[in-house]
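Structure first, then comments.
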């Protein structure tokens, strides 16, 4: 399969780069959302060389390609504008139900994280086999370092999910990941261990261990997307570079 040719034909069949509102991929599929669904030619895409099938699920348009999906994605991604406008949605699409919206959020958030989770899980499985067969000792530094590598993806899962959620909610990914870092900051753990009541400007704060958590960071990034729009409006242009990220954080 000619990856560049397939990507270019897909781009033409979906109505051009400006019609793509969101683009990501999983292990075998391109996942897209469009500004105008009516411009997309499903039959043309399904007949392209290298395209196995076309599926629409959870509010996303999915093009099944197989293991070569990443090469096609890279070509498509280069053709997209670096900065997308506000999410206007598909003007011709019916409003998605709450279940479809939730599935879309989860799918878009987790898709970029899958390689890290898969890699970490495989390392965990390998360590279990090596330990069971006696090839490596649990007390050895090699085992411990490999275990740390595998644990990192799960411990810092909120940071990884923050990136995926920022794609869905169309906000700054770096600031989203910074907020995830706040949840994982050692200071939070120290406050939690102290067992004392914590308040922020007089408001009681319920602390928790957010390592490996999912829902808190998704909700945080969703809220951040609204705060970012507000900060964009109220920040004076002359000092927006400094004020906007401060307000968001």
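The values are calculated or read from the model by the stated rules, or taken from the named source; none is laboratory data. The model shown is predicted, which means the values in this text are computed figures rather than measured ones. FYI the Cβ positions are ideal-geometry reconstructions off the backbone, even for glycines, and counts take in every protein chain you see.
Considering the range 118-140 alone, what residues qualify as being outside any loop (DSSP other than H, G, I, E, B) and surrounded by fewer than 13 Cβ atoms within 10 Å (Cβ to Cβ)? Break it down into steps so the answer makes sense when it comes.
Quick first cut of the range 118-140, residues outside any loop (DSSP other than H, G, I, E, B) only: 118-132.
Those that are outside any loop (DSSP other than H, G, I, E, B) and surrounded by fewer than 13 Cβ atoms within 10 Å (Cβ to Cβ): 118, 122, 125, 128, 129, 132.
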Pick from the range 8-26 the residues that are touching a strand residue (DSSP E or B) at 6+ places or on another chain (Cβ under 9 Å) and outside any strand (DSSP E or B): which of them is nearest to residue 53 (Cα to Cα)?
-> 10
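Please find, among 45, 114, 52, the residue that is buried (at least 17 other Cβ atoms within 10 Å of the Cβ) and at pLDDT 85 or above.
Numbers: 114 fails: buried (at least 17 other Cβ atoms within 10 Å of the Cβ); 52 fails: buried (at least 17 other Cβ atoms within 10 Å of the Cβ).
Unique residue meeting the criteria: 45.
Any idea which residue in the range 174-199 is nearest to residue 155 (Cα to Cα), counting only those that are buried (at least 16 other Cβ atoms within 10 Å of the Cβ) and touching a helix residue (DSSP H, G or I) at 6+ places or on another chain (Cβ under 7 Å)? Can you show your working first?
Start the filter on the range 174-199 by keeping residues that are buried (at least 16 other Cβ atoms within 10 Å of the Cβ), which leaves 175-180, 183-184, 188.
If we keep only those that are touching a helix residue (DSSP H, G or I) at 6+ places or on another chain (Cβ under 7 Å) too, we end up with 175-177, 179-180, 183-184.
Values: 175: 19, 176: 17, 177: 14, 179: 15, 180: 11, 183: 11, 184: 9 Å.
Ranking the qualifying residues of the range 174-199, first place goes to 184.
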Enumeration of residues in the range 235-249 that are in contact with a helix residue (DSSP H, G or I) (Cβ under 9 Å, 6 or more places away or on another chain) and either in a loop (DSSP other than H, G, I, E, B) or free of Cβ contacts under 8 Å to residues at least 40 places away in the same chain (or both) = 235, 236, 240, 243, 244, 246, 247, 249
Matching residues, the range 7-25, being under 19 Å from residue 66 (Cβ atoms) and surrounded by fewer than 17 Cβ atoms within 10 Å (Cβ to Cβ) | 8
Being outside the structural domain of residue 122 (by TED's automatic domain parsing), over 13 Å from the mean Cα position of the chain (by Cα), on the phi > 0 side of the Ramachandran plot and not in a helix (DSSP H, G or I), is that true of even one residue in the range 173-186?
-> no
